[in-house]
Amino acid sequence: MTDHPEATILPFNGKSPVIHPSAFIAPGCRIIGDVEIGPDVSIWYNCVIRADVNFIHIGARTNIQDGTVVHCDSPGDDINGRPSEGWPTIIGEDVLIGHMAMIHGCVLKDRAFIGLGSIIMSGCTVESDAMLAAGALLSPGKTIPHRQLWAGRPAKYMRDLSDEVLIDMREGVEHYVHNGKAHKGAVKAAFAAD
């Protein structure tokens, strides 16, 4: 039995995913190419993390919830016709990403919060302790500054985040670390019994 039963983990163009042994990769996930996943990360059921045209890094204790797609942007010409190295996707530590989010060629700094069903496009940055609301669309090249909440399609500034919200976000990270360990144990037990 592999460490990640029923997940698809594939090399692409000579690059293989590197996954820390403590990470939980749920059944149904597809992890492809130049992906690095740090300690105590949880990648939930049926996520796709595809680093075929650039790289994807995911920092410690981050969780990426069910059905989320994470991709990157390839090198080529930018919208002004200038050469571009493209946009990798760099996700920091202690990041919370809700169900069915679309994360594309962006930077999510430590402790960012990405609401369920939201979309982040190429060239975006969500700074530390910042939040993109559920269902929001962060259009290309936008930055959500530290401790701000943005919402809407396209997303715009709504308000600053309180200390209480930041405490809740940190508790959410801790919850997902523990829940990921519990699911990892349950999956291993279920597949060992087969």
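The values are calculated or read from the model by the stated rules, or taken from the named source; none is laboratory data. Quantities reported herein were computed from a predicted structural model and do not represent experimental measurements. In this analysis, Cβ positions are derived from the backbone assuming ideal geometry, glycine residues included, and neighbour counts consider all displayed protein chains. Protein only, heavy atoms only, side chains kept; ligands, DNA and RNA dropped before computing areas. Shrake-Rupley method; radii C 1.70, N 1.55, O 1.52, S 1.80 Å.
With r defined as the distance between the Cβ atoms of His175 and Thr8 and R0 fixed at 22 Å, what FRET efficiency is calculated, to the nearest 0.05?
Details: r = 27 Å, r/R0 = 1.22.
E(calc), rounded to 0.05, equals 0.25.
For the chain, which semi-axes, largest first and in whole Å, follow from the square roots of 5 times the eigenvalues of its Cα gyration tensor? Display every interim value, and only then the final one.
Working: eigenvalues 145, 97, 29 Å².
Ellipsoid half-lengths, sorted descending, are 27, 22, 12 Å.
Amide H contacts for Phe24 (H built 1.01 Å from N in the peptide plane; partners 5 or more residues away or on another chain; cut-off under 5 Å): Val41, Ser42, Ile43.
Entry comment: accessible area of the chain is 48 Å² per residue, from protein heavy atoms only and a probe of 1.4 Å.
Of the accessible area of the chain, computed with a 1.4 Å probe over protein heavy atoms only, carbon and sulfur atoms account for 56 percent.
In debye, nearest 20, what is the charge dipole magnitude of segment 10-122 about its Cα centre with +1 on Lys and Arg Cβ and -1 on Asp and Glu Cβ, if you could check?
160 debye
Pairs Lys142/Lys181; Lys109/Lys156; Lys109/Lys181: which exceed 27 Å Cα-Cα? The answer is Lys142/Lys181.
Using alpha carbons only, the radius of gyration of segment 90-194 set against its Kirkwood radius gives Rg/Rh = 1.07. The slack between Glu36 and Ser128, meaning 0.36 nm per residue of separation minus the straight C-alpha distance, is 31.1 nm.
For Ile119, the residues whose amide H sits under 5 Å from its own are Met102, Ala136, Leu137, Leu138, ignoring neighbours fewer than 5 places away on the same chain, with H placed 1.01 Å from N. In order along segment 44-51, the phi-based Karplus estimate (6.51 cos²θ - 1.76 cosθ + 1.60, θ = phi - 60°) of 3J(HN,Hα) comes to 8, 4, 6, 7, 10, 10, 10, 10 Hz; Gly and Pro are listed as x.
In order along segment 16-22, the phi-based Karplus estimate (6.51 cos²θ - 1.76 cosθ + 1.60, θ = phi - 60°) of 3J(HN,Hα) comes to 10, x, 10, 10, 4, x, 7 Hz; Gly and Pro are listed as x.
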